[in-house]
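Just so it is clear, none of the values below were taken in a lab; they were calculated from the coordinates. Keep in mind that this is a model prediction, so the values were computed, not measured. When we count neighbours, we look across all protein chains shown, and the Cβ atoms used for this are built from the backbone with ideal geometry, even at glycine.
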Amino acid sequence: MPPGDGPAQFSIVHAVRVSNDGMVYVADRENRRVQSFTVDGKFVKQIIRHESPFARNVALSRDPEQQFLYVGDEKEIVVLNRKTLEIVSTIKGGGLIGGGHELQTDSKGNLYVALTTKGLQKLTFKGLGPAKGPASAAR
């Protein structure tokens, strides 16, 4: 299938993650969106943010329900409710190197951000904040 911006078409897929319940999340970098699919390929929903380089990468939170998706944006990490794809929080400032080129979480919920030419950064998970989203601190 040729590249495009329809639900079944992609430009540059930069990350694919599969949740414990079998949902597939795709970071389609050039179309600036995250899409969700069933494991058999049925399109479910998407979030698009054209105002910045959104969907550079995607990682799942490590809580048992995997409630959140971390999505790299230009200078921040956007936290989405995994089921609704609604924005619940952002992680920015405090020495954050940016939205990263790659994201991954560890078993304790810490987030690792790698950015080309800027290195690797660990964001320590500090629990759920008042907005019911993850709170992290750069280290």
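Across region 28-76, the qualifying residues are those that are among the small types (Gly, Ala, Ser) and over 18 Å from Ile91 (Cα atoms), and the one among them that is surrounded by the fewest Cβ atoms within 10 Å (Cβ to Cβ) is Gly41.
If we keep just the residues of region 49-72 that are outside any loop (DSSP other than H, G, I, E, B) and of a type in the set (A, V, I, L, M), which is farthest from Asp28 (Cα to Cα)? Walk me through it before giving the result.
Of the residues in region 49-72, the ones outside any loop (DSSP other than H, G, I, E, B) are 58-60, 68-72.
Next, only the ones that are of a type in the set (A, V, I, L, M) stay: 58-60, 69, 71.
Values: Val58: 10, Ala59: 13, Leu60: 16, Leu69: 14, Val71: 11 Å.
Among them, the one singled out is Leu60.
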